[in-house]
Structure formats: structure tokens, C-alpha cells
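What follows is calculated from the coordinates using simple rules that are stated; it is not laboratory data. Here the structure is a predicted model, which means the values were calculated and not measured. A quick note on method: Cβ atoms are made from the backbone with ideal geometry, for glycine too, and the neighbour counts reach across all protein chains shown.
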Amino acid sequence: MRLFLRVRKIFGVAPFEHSSEHWKSQRQTAIIVFFLTYWLIYQIIFTLHGSDLILVKEWISNPINELLIFLTVIFSLYHGELGLQVIIEDYIPATQTQQKIMFMIRLLRLLLMTSVIIALIYLRL
Amino acid sequence: MAKNNQPLSPHLTVYKWQVTNTLSIMHRFSGFTLCFGGVFLSIWLISIGLGDSAYILLLKFSNHLIIKLFFLALSFAFFYHSLNGIRHLMWDIGKGFETNELMISGLIVVTGAILFACLFWLKILGLL
């Protein structure tokens, strides 16, 4: 069940995390995102920059690239949301407004994430 | 979620500016900038799924001067945030709190970020 909750957190379909959980998740995702984004930088330098759509599609048709870019997006957005939550808690009083902003950020993450997943599935069809 | 009596962080204007808090605020600010990078990354992938016209539209959009400047800022933000992130993780395991260690690690992170970003753009522009 703990694993299931972990997966739900990663995909943004779990309640907002309590402080200690948040702290741990932020560090864990930091390490994951570190490796994934440096992989992406490597790919941008040696393959992606300046490529047209055909080349990019060819690149993404490699399952390893597709999996890693998928994980990069998922974990970056998750790590980003955790970071934004800290900023919001620091500078916006704990009122309804704070809750609303956090909810909006969660909504934006879910929207981007599902769109990316749909796009990646579509490219596989 | 936060309780209603949760205190706010002191606002930026009250700090006496020194190396440590400047780097800390830069970490937060670069992280904030990178959130937009994450949004762009997602939109890029979505545009690939949408096909030719969307992808070309995104390329045109990316060619705008303001967006190019954003990418420049994003690259510095990325290398700074990723390197300073290691520094933060070292603190989390209790290392590097001495004043001289803070200064040295801070210096390494800032020069490293500038160096990495410059190398990145030299590679991208084909000058290296």
C-alpha cells in the first residue's frame, strides 16, 4: 500500500504531503531529477538541438529515450511542485488563498502530465 | 496542510546581504525559473504528438528574442540549481557547515554553473 501511495504522489493524485514527507520527497526527487536532466542536457547537445520533427520522432521512437523523457517530465514537474509549495508556504499566509494557489499548481501539473502521456501514447500508435 | 497560525518567512528586504543568503535566494529563484522550463519541456513533447504545424509553431515561438533570452537564463538556472542542489544535499547529511567550507563550496558552485552554461552554449552554437 505504501508503494501505491508513492506512485500516487508521483502522478499527483494523492493529498498534499505533510512537512516531513514533503522534505523526504523533495530530496529523493532531487536526486532522480539530477540524473535525468543531465541525461536530457546530453541528449540536447548531441542529438536534439536543431533537429526537425522527423529526427525528433525517430529519437523518441527509441523506447529507452521515450521512457527516460517520460520520467524526466514526471519527476521534474513533481519536484517543481514540491519546490513551489515551499515558496508559497513561506510568503503567502496560510489562508484560503494559499490553498487555492496550491490547488491551481496541482491542476496545472496534472494537465501537463496527462497531455504528455497522451502525446507519448499517440506517438506509439 | 499548513495550519492557520503558521508564520511567514521574513521577507527578502530584511536580510543583511551576504554570500550565504544570496546563494540561497538564487537557489530558490533558479528553481522557480526551472518550473517554467518544466512547462516548456511538457509543451515541447505535446507539440511532437500534435504533429508538424504545432511543432513548427513552437519553433517559431522559440525563435523570439525574449524566449531565447529565457533559454539563456534557464541554462544558467539549471546548472546553478543542479550544482547548488548537491551542496544542499551535503548539508542534509550534515557536511560542509564551516564558514570556510561554505565559501569554498559556494565559489565552486557559482563558477561551475557559469562554466557549464558557457560550455553548453558553445556546444549548441557549434563553436566547440
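Points to keep in mind about this one:
- Cα gyration tensor shape for segment B:65-128, rounded if a/c is under 1.5, else prolate or oblate: prolate
- On Cα atoms only, tilt of A:19-43 relative to the major axis of chain A in degrees: 20
- Straight-distance crosslink candidates among lysines, where the alpha carbon sits under 23 Å from residue B:95 and sequence neighbours closer than 8 are dropped: A:24
- Using 0.36 nm per residue and subtracting the Cα-Cα separation, the extra length available between residue A:31 and residue A:59 on full extension is 7.6 nm.
- Inter-label distance, nm, simple model (7 Å from Cα along the C-beta direction), residue A:18/residue B:15: 3.0
- Length gained on full extension, residue A:42 to residue A:110, computed as 0.36 nm times the residue gap minus the Cα-Cα distance: 21.8 nm.
- Between helix A:96-124 and chain A: long-axis angle, C-alpha atoms, 0 to 90°, nearest 10: 20
- Tilt relative to chain B, helix B:99-124 - C-alpha long axis, 0 to 90 degrees, to 10: 10
- Distant-in-sequence amide H partners of residue A:49 (H built 1.01 Å from N, under 5 Å): none
- For residue B:95, neighbours were defined as the other residues whose beta-carbon sits under 14 Å from its Cβ, and their charges (Lys and Arg +1, Asp and Glu -1) total -2.
- Per residue, the convex hull around the alpha carbon atoms of the protein assembly as shown comes to 156 Å³.
- Distance cut-off 23 Å, percentage of C-alpha pairs in chain B lying past it: 50
- Surrounding net charge for residue A:88, when Lys and Arg each add one and Asp and Glu each subtract one, Cβ distance under 11 Å: -2
- FRET efficiency for residue B:53 and residue A:66, using Cβ-Cβ distance with R0 set to 22 Å, rounded to 0.05: 0.45
- Sites excluded, trypsin sites (Lys or Arg not before Pro) in DSSP loops with at most 12 other C-beta within 10 Å, longest stretch of chain B: B:17-94
- Peptide-level mean, for A:28-41, of C-beta atoms on other protein chains within 10 Å: 3
- The separation of segment A:98-120 from segment B:49-121, counted between C-alpha centres, amounts to 23 Å.
- Counting, for every residue in A:87-94, the Cβ atoms of other protein chains within 10 Å of its Cβ and taking the mean gives 5.
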